[in-house]
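Heads up: the structure comes next, in structure tokens.
The values are calculated or read from the model by the stated rules, or taken from the named source; none is laboratory data. Keep in mind that this is a model prediction, so the values were computed, not measured. Don't worry about glycine lacking a Cβ; one is built from the backbone with ideal geometry, like all the others, and counts go over all protein chains shown.
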Amino acid sequence: MMSAALPVREARGQRPDPTAVLSSAPVSHLVSVPAAAVLGGVRDWWARRAEAVGLDGLWLDVRWAVAADPPQLDLPDVPPATLAGTAEEIGQAYVSALPDQERSKHGRHYTPRPLADELWAMAKRSMGWKRPRPLDGCVLDPACGAGALLLPVLRDHLGAAARVDAQLALNALPNFIMGVDNDPAAAWLGSVLLASEMLPVLARTERARRRPLPALIRHGDGLAPVTNPVRIVIMNPPYGRVRLGAQERARFADSLYGHANLYGLFMAAALESLGSEGVLAALVPTSFLAGRYFENLRAVLAKHASLREIAFVADRSGSFSGVLQETCLATFSRAKVRKVTVASINGRVSQVAKLASPRVKGPWLLPRRPDDAPVAAAAIRLPQTLASTGWKISTGPLVWNRRKADLGDSPGTSRLRVLWAADIDGGVIHRDRARDNARFLTLRGNDEQVMVLDQPAVLIQRTTAPEQNRRLVAVHLSADVLAEWGGRIVVENHVNVARPVAESAALSAEALNRLFATDTVDRVLRCLSGSVAVSAYELETLPLPCDEVLTQWSLLRGNAFNEAVAAVYRPVG
């Protein structure tokens, strides 16, 4: 499913031909000319690194010194890039040189060193390690790219294991560190970068005992089941929707709901790979913390590997620029965990809170800021949700770009007014002039049953901008306002529609709208999701107090109402 189309030359037990030239090898749609130039520059970079630690002769030739065959890249004559810097910097240069379409399609973003170091530190804390020590089991990165996450693992292990017998430590590395990637060029480059960290240890080894350095990364499918359980899975997997065959869907059935996302599959496969005392450490989007599509994955994680630590990446510049999704570092442990440590990363790591472990069902409430920690702690303990109080949230049914031919600027027979997300800015319903060219929809087929809203409701914007002060932008579509719009409207799909499912709903529409307008509930929503999108599912799972408290809220107005809400979600003492 995930194999790349680059051939890898089989060594068949022999060292590669020392006269082969990496940069003159078949072109692949996955490798750009700039990326090939980076690969071509690795030979000189390696020679300088090896010479700097006192090695000479064949050890200066990467094709001899590392037991990994370079991929055959069928490219024209590409001048090799002049490379300088650390192993991390060379890996980042390669990933940055890949075509934008390739990086976007497969979610390929090189992990910056501070995040790689912190994720490994979190993994060590999950294992109870307080100082560097040799690994006691295998560490696997199933989507390792050029090996950024394995570099701190290797450094720690060699620092502790090579003190006694350097050559033995090098020979044993394949038992302790393993990487897989479906880009053969990245797999080769990653093996070389990891091997460059072994050079000082190799230089301390007697000449007669020196052997080619092991290749710790192989080209392959990181989702393939592993033969032997591993101690730690550490990863920054690709993300994006993917279609699964029947066999794959059956394998991941317990963790899937609707469409599959690659990073969710990698998290599920990682659980399969872990031993009885294993740890999963992952840099992933935070969308798995909420949303219906990850509901089953959360249940599987809660059952088989408790969330131990989570650190939200507040600064997504650099390698993560342009990524709108909130990102986090998270560790999960086979051992049961009572408290989850929550932190924020914005240049440095700052602890936010320690909270009770998330529930198996529903989204996981986790604060992104220290002042939201009491909000999350209080919300977790509340007895019901918006859905259980008698409210149903749905998404506006009109997908405008599928009905362009039916949209127009004037009323007519079988035409209804369309309410757009822009019409509810500022907490009041108004007519946004920019939408007047598509103000009316001609009803066809079964539109009368599925498109028409003819009852009062609360309307909530589905998408907000990252810079907005509020995530919850809601209005009350009262009977009077609905009558002003003709008594029947069509709502487009960037708007959520909240309607009571019974007359006995504990909160009235007017009270629910005021609740959405409070700063407190806006902060609760931010603990549910760091996304700019506001989903119907998350709104339905909004934690609420008992009906008696909701009835009391309905009798209050102004500051008294806001203070009563804050007292429930921000208790004093």
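Quick check on segment 105-115. Is at least one of its residues closer than 27 Å to VAL31 by Cβ, in contact with an Asp or Glu (Cβ under 9 Å, 6 or more places away or on another chain), buried (at least 23 other Cβ atoms within 10 Å of the Cβ) and not β-branched (Val, Ile, Thr)? Looking for residues that are closer than 27 Å to VAL31 by Cβ, in contact with an Asp or Glu (Cβ under 9 Å, 6 or more places away or on another chain), buried (at least 23 other Cβ atoms within 10 Å of the Cβ) and not β-branched (Val, Ile, Thr), one finds at least one in segment 105-115, hence yes. Scanning segment 173-217 for residues that are more than 30 Å from PRO99 (Cα to Cα) and among the β-branched types (Val, Ile, Thr) gives VAL201, THR205. Once segment 424-460 is narrowed to residues that are under 28 Å from ALA502 (Cβ atoms) and assigned to a helix (DSSP H, G or I), the residue that is modelled with the lowest pLDDT is GLY427. Taking segment 474-573 and the strands (runs of 3 or more DSSP E) fully enclosed by it, no element has 1 or more residues that are crowded, with 21+ Cβ neighbours inside 10 Å, under 25 Å from the mean Cα position of the chain (by Cα) and at pLDDT below 95.
Wholly within segment 158-261, which helices (runs of 4 or more DSSP H) include no fewer than the required count, namely at least 3 residues that are buried (at least 21 other Cβ atoms within 10 Å of the Cβ), assigned by TED's automatic domain parsing to the domain that holds PHE294 and in contact with a Cys (Cβ under 9 Å, 6 or more places away or on another chain)?
Numbers: elements: 166-171, 184-196, 199-203, 246-251.
It comes to 184-196.
Residue pairs whose Cβ atoms lie under 6 Å apart, sitting 6 or more positions apart in sequence or on different chains, and linking a residue in segment 424-447 that is touching a residue at least 12 places away in the same chain (Cβ under 8 Å) to a partner that is part of a loop (DSSP other than H, G, I, E, B), are ARG435/TRP420; ASP436/ASP409; ASN437/ASP409; ARG439/ASP409; PHE440/PRO411; THR442/SER414; LEU443/SER414.
Count of segment 293-308 residues, restricted to those that are crowded, with 19+ Cβ neighbours inside 10 Å, assigned to a helix (DSSP H, G or I) and among the basic types (Lys, Arg), is 1. A search for C-beta distances below 8 Å between a residue of segment 272-294 that is in the same structural domain as ARG241 (by TED's automatic domain parsing) and any residue that is in a helix (DSSP H, G or I) and of a type in the set (Asp, Glu), counting only pairs 6+ apart in sequence or on different chains, returns ALA290/GLU538; GLY291/GLU538. Filtered by the rule that a residue be surrounded by 15 or more Cβ atoms within 10 Å (Cβ to Cβ) and either aliphatic (A, V, I, L, M) or not assigned by TED's automatic domain parsing to the domain that holds ALA517 (or both), segment 399-429 gives LEU407, LEU416, VAL418, LEU419, ALA421, ALA422, ILE424, ILE429.
If we keep just the residues of segment 471-492 that are in contact (Cβ under 8 Å) with a residue 24 or more places away in the chain and of a type in the set (D, E, K, R), which is farthest from ASP447 (Cα to Cα)? Explain how you work it out, then say what you get.
Kept after step one, since they are in contact (Cβ under 8 Å) with a residue 24 or more places away in the chain, are these residues of segment 471-492: 471-478, 481-482, 485-492.
Subset that is of a type in the set (D, E, K, R): 471, 488, 492.
Details: ARG471: 30, ARG488: 12, GLU492: 13 Å.
Only one residue tops the list, namely ARG471.
Is segment 385-392 home to any residue that is at pLDDT 90 or above, surrounded by fewer than 22 Cβ atoms within 10 Å (Cβ to Cβ) and under 30 Å from ALA438 (Cβ atoms)? Within segment 385-392, one or more residues are at pLDDT 90 or above, surrounded by fewer than 22 Cβ atoms within 10 Å (Cβ to Cβ) and under 30 Å from ALA438 (Cβ atoms). Within segment 448-470, if we keep just the residues that are charged (D, E, K, R) and touching a residue at least 24 places away in the same chain (Cβ under 8 Å), the residue that is surrounded by the fewest Cβ atoms within 10 Å (Cβ to Cβ) turns out to be ASP454.
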